1. At 7 Å along Cα-to-Cβ for each site, give me the label-to-label distance between B:Thr99 and A:Asp105 in nm.
2. Can you list the lysines whose alpha carbon sits under 27 Å from that of B:Lys56, skipping same-chain ones fewer than 8 residues off?
3. Length gain on complete extension for the stretch B:Lys120 to B:Glu153, per 0.36 nm per residue less the alpha carbon to alpha carbon distance?
4. Taking the simple approach of a point 7 Å from Cα along Cα-to-Cβ for both B:Glu130 and B:Ser85, what is their distance in nm?
5. Can you pull the percent of the stretch B:27-151's accessible area that's carbon plus sulfur, 1.4 Å probe, other chains left in place?
6. Determine the shape class of the stretch A:83-143: with a ≥ b ≥ c the square roots of the Cα gyration tensor eigenvalues, call it rounded for a/c under 1.5, and otherwise prolate if a/b is greater than b/c, oblate otherwise.
7. Using a 1.4 Å probe and counting only protein heavy atoms, how much accessible surface gets buried when A and B come together, both sides summed, in Å² to the nearest 100?
8. What is the mean projected area of the alpha carbon convex hull for the stretch B:27-151, to one decimal in square nanometres?
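The values are calculated or read from the model by the stated rules, or taken from the named source; none is laboratory data. Bear in mind the structure is a predicted one, so any value in this text is a computation, not a measurement. So basically every Cβ, Gly included, is an ideal-geometry build from the backbone, and we count neighbours across all protein chains shown. Accessible surface is based on the protein model in full, side chains and every heavy atom, while ligands, DNA and RNA are left aside. Shrake-Rupley method; radii C 1.70, N 1.55, O 1.52, S 1.80 Å.
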Protein chains: 2
Amino acid sequence: MSKKVWLAGLSLAVGMGYVAAAHAQAKPEVLIKQRQAAMTLQGKYFGPLAAMAQGKAPYNKDTVARNAEFLSVLSRMPWDGFAESTKDEKTVKTAALPTIWKDADKFKQAQEHFEHEASKLAQVSKSGDEAAVKAQIGAVGKACGACHGDFREKQQ
Amino acid sequence: MSKKVWLAGLSLAVGMGYVAAAHAQAKPEVLIKQRQAAMTLQGKYFGPLAAMAQGKAPYNKDTVARNAEFLSVLSRMPWDGFAESTKDEKTVKTAALPTIWKDADKFKQAQEHFEHEASKLAQVSKSGDEAAVKAQIGAVGKACGACHGDFREKQQ
């Protein structure tokens with residue numbers, strides 16, 4: 001790679017504020033947007049699976065396998081965004097409840113439970129056993145719901 | 001899994017609008033938010049790597065390997081969000097340029113190039129060859145920049 005190209009890559013990173021962000025602790029509003037981005041994408045890839053599990057969309061094993069793989073990775077992404085520094089941040093709208101920081105151990109358990117179920121779905125989706133896959137989609141949905149029930153403002 | 005638990009998972013999915021979204025083609029504003037979420041997370045995981053490549057942050061092979069794995073998966077997520085239906089959507093602020101749809105082949109090539117470089121970084125990051133990893137971080141940054149240069153409004 002030429003030096004010019006390499007410098008272009010670096011300029012880009014600097015221009016995007018990535019390098020600055022990596023230097024210092026990321027700002028609370030950035031952390032909130034990043035954790036919300038992870039949740040948004042979890043929704044994108046879980047939605048079609050829930051529809052299939054309910055028989056409201058045709059079962060497609062390739063979509064299941066791909067979405068389950070994505071979910072398994074996405075399930076690991078939101079948590080460092082719930083830093084203590086974001087607790088009192090008011091510039092970004094968030095449904096995060098104070099219990100996240102008050103009951104940090106329980107929140108951690110809920111994270112790990114979701115990661116475990118999502119990882120299991122990725123495994124089960126390779127088996128081709130449709131009934132087992134649908135049951136595991138339900139388990140993932142339950143893990144989402146348990147965490148939202150305890151740690152997220154009730155949605156209208 | 002009990003039927004009650006299963007139904008709770010389904011209710012959750014319905015409550016989140018996931019199932020509805022999976023039924024019909026997702027709304028343009030949803031697609032835009034989803035593709036922006038993928039870009040936000042790419043930024044989250046690329047930033048620290050760019051800083052390391054520049055020697056502005058200490059090199060950490062575990063962070064590199066994790067971030068590279070995440071980037072490799074995230075590199076596949078934004079593209080279906082650039083559906084034709086989003087071209088004229090005005091309710092969500094977007095920097096996407098009309099060239100995305102006018103020069104769809106070139107946009108597709110840029111996507112594939114970025115996916116390729118991100119996937120290669122995930123491979124190289126397992127090798128432990130720091131110089132090779134840093135060079136490949138530069139190649140990923142170049143792929144980001146090439147696509148942004150052609151298809152994204154210039155950022156202030």
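1. Distance between the two pseudo-spin positions: 5.6 nm.
2. By straight Cα distance, B:Lys56 reaches A:Lys3, A:Lys4, A:Lys27, A:Lys33, B:Lys44, B:Lys120, B:Lys126, B:Lys134, B:Lys142, B:Lys154.
3. Numbers: separation 33, 0.36 × 33 = 11.88 nm, distance 2.76 nm.
So the extension gain works out to 9.1 nm.
4. 4.9
5. Working: 2970 of 5750 Å².
In the stretch B:27-151, the share of accessible area belonging to carbon and sulfur is 52 percent.
6. Details: a/c = 3.63, a/b = 2.75, b/c = 1.32.
The shape class here is prolate.
7. On the way: alone 10070 and 10050 Å², together 16100 Å².
Counting protein atoms only, the buried area is about 4000 Å².
8. Details: hull surface 29.1 nm².
It is 7.3 nm².
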